1. Sorted by packing (mean other beta-carbon atoms within 10 Å per residue), highest first, where do 4-10, 65-71, 37-43 land?
2. Per residue, how much accessible area does the chain have with a 1.4 Å probe, in Å²?
3. Per 0.36 nm of contour for each residue apart, how much would the distance between Asp48 and Ala15 grow if the chain were fully extended, relative to their Cα-Cα spacing?
4. Note the angle between two axes, namely the Cα long axis of helix 59-70 and the longest principal axis of the Cα atoms of the chain, as a number of degrees from 0 to 90, rounded to the nearest 10.
5. Calculate what fraction, in whole %, of the accessible area of the chain sits on carbon and sulfur atoms when a 1.4 Å probe is rolled over the protein chains.
6. Length gain on complete extension for the stretch Leu7 to Arg60, per 0.36 nm per residue less the alpha carbon to alpha carbon distance?
7. In whole Hz, what ³J(HN,Hα) sequence does the stretch 20-30 give by Karplus (6.51, -1.76, 1.60; θ = phi - 60°), x for Gly and Pro?
8. So for the chain, taking the charge dipole from beta-carbon charges (+1 Lys/Arg, -1 Asp/Glu), which of Trp54, Tyr14, Thr39 sits furthest toward the positive end?
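The values are calculated or read from the model by the stated rules, or taken from the named source; none is laboratory data. Source: prediction; values computed, not measured. Cβ placement follows ideal geometry from the backbone for every residue including glycine, while neighbour counts extend to all protein chains displayed. Quick note on the areas: whole protein, heavy atoms, side chains included, nothing else; ligands and nucleic acids left out. Shrake-Rupley method; radii C 1.70, N 1.55, O 1.52, S 1.80 Å.
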Amino acid sequence: MTAKRILAAALWFYAGWYAGATIAYFLGVSEVLGPILGTAAAGLIAGDPRGIIWTVRSERIERRIRALSAQPSRA
């Protein structure tokens, strides 16, 4: 796991916990809602089950980037 994923997971965990605690307070439900929402948010962000957030470049894109960077600049 990359450092960006770890940092994002930690931030989303905290944000989810805070949101869950706020919701629990206003609804008068158990305070356990905060850590549950925080864990769910962090898991979705770090795990990225659909591959939307943390995409891996395809080989075709990598070849195109290398080809463009090898060309002399037109300045």
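1. Packing order, densest peptide first, comes out as 37-43, 4-10, 65-71.
2. Value for the chain: 84 Å² per residue.
3. Result: 10.2 nm gained on full extension.
4. Between helix and principal axis, roughly 50 degrees.
5. The computed percentage sits at 66.
6. The span from Leu7 to Arg60 would gain 16.2 nm if fully extended.
7. x, 5, 5, 4, 4, 5, 5, 8, x, 9, 4
8. It is Trp54, whose Cα lies furthest towards the positive end.
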